[in-house]
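Working notes, beginning with the structure itself.
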């Protein structure tokens with residue numbers, strides 16, 4: 001009788017573990033199941049309906065947040081479609097522990113306080129011609145890190161308008177990347193009365209809230 005109870009307990013434990021594991025996805029199968037040229041219907045068969053959906057010109061993006069076996073937090077998968085076919089995919093970890101906490105994305109530096117603010121008096125105004133040349137220079141950088149580095153360096157010497165900031169933000173696809181641009185230029189933006197235009201250029205409410213903290217909007 002005792003042996004039967006032990007066997008029953010082991011079987012129940014196995015069922016519970018199997019049930020929990022079914023909520024997670026093996027990373028290799030999940031990521032390798034998507035390839036260029038797949039239709040949206042085929043992607044849905046593999047990943048289900050997206051958690052988020054957005055448009056950027058002719059590009060349609062689907063964003064998934066999946067639990068990966070052995071990983072903490074979620075793996076974020078962003079798939080881009082043109083004419084209903086996969087043209088790009090990006091995946092990265094989201095280690096944010098819960099929706100209660102609101103830490104900045106890992107690619108965004110610490111949210112500034114008043115001590116980080118520099119006086120605009122010491123910055124040269126970025127005129128249209130200078131900005132156009134600078135914009136093209138940033139745009140032609142092949143890697144995101146190089147773009148961010150160039151933005152940070154220029155912000156030490158020049159002040160930017162909100163309109164210029166938005167144009168630089170739109171060199172990037174994802175909200176966390178755009179937020180990084182806001183953070184890099186925050187202390188160099190001269191027309192604070194137009195901050196709302198910068199906020200409106202972001203897609204997600206959570207990102208808008210982080211941008212307000214960066215720009216110190218109450």
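Overview of values
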{"read-out": "Percent RCO, i.e. relative contact order, over region 114-214, from Cα pairs under 8 Å lying at least 6 residues apart", "value": "29"}
{"read-out": "Residues 202, 185, 153 arranged by fewest to most Cβ contacts within 10 Å", "value": "153, 202, 185"}
{"read-out": "Centre separation in Å (Cα based) which lies between region 121-160 and region 42-68", "value": "32"}
{"read-out": "FRET efficiency, 1/(1 + (r/R0)^6) with R0 30 Å, evaluated for residue 89 and residue 157 via beta carbons", "value": "0.20"}
{"read-out": "Fewest-first ranking of 78, 181, using other Cβ atoms within 10 Å as the exposure measure", "value": "78, 181"}
{"read-out": "Cβ-based exposure ranking for 131, 55, in which fewest neighbours within 10 Å come first", "value": "55, 131"}
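Every read-out reported here was derived from the displayed coordinates using simple, explicitly stated rules and does not represent laboratory data. All figures in this text were calculated on a predicted structure; none of them were measured in a lab. Positions of Cβ are generated from backbone atoms using ideal geometry, with glycine treated the same way; all protein chains shown enter the neighbour counts.
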